[in-house]
1. In the range 22-70, which residues are out of contact with any Ser or Thr (no Cβ under 8 Å at 6 or more places or on another chain) and hydrophobic (A, V, I, L, M, F, W, C)?
2. Give the residues of the range 16-42 that are modelled with pLDDT of 90 or more, over 22 Å from S87 (Cβ atoms) and of a type in the set (G, A, S), sorted by residue number.
Amino acid sequence: DAALALVQTLSVGADPVSFTKTVTVLTDDATVDCLFATPVSGALAVAGACVQYQITIENTDTAQDLDGVTIRDTLPSGLVFQTVGLSNFKVATGASQVSQAAPAPDTACDGTAATCEVVISDARIEAGQTASLHIRANIG
């Protein structure tokens, strides 16, 4: 199956949070730039294919922001990191910006944080809102 999905729900401290991580093969055409790839039906997980990891966090508390959010995700061995994007994260209270650390584009992942860890910190998710992190990589 070309589209893999992992779904789990977490409870972080006293704040209810819904957390979902999905992995989708966007395209198996190695000539398409992963940065601009759009989903193609039936794409296969083959060498050169572009995959997207999407981590979605919903703050299910409608009265209180989720402040000081940090996300760490390490890509598995066999991928080549390309890009990361954020959607709907706000700056945490007291921070100057949402911090983002990621490997350089075209970094070959060996399954460790040393080569392919993406870290988002100093983030806030407003009450009742959803934010997401998108990581794209090619299959090596």
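1. Selection gives V23, V25, A30, V32, F36, L44, A45, V46, A47, A63, L66.
2. Selection gives A30 alone.
The values are calculated or read from the model by the stated rules, or taken from the named source; none is laboratory data. Given the structure is predicted, the values throughout are model-derived calculations rather than measurements. Because the Cβ atoms are built from the backbone with ideal geometry, glycine has one as well, and the counts that use them run over all protein chains shown.
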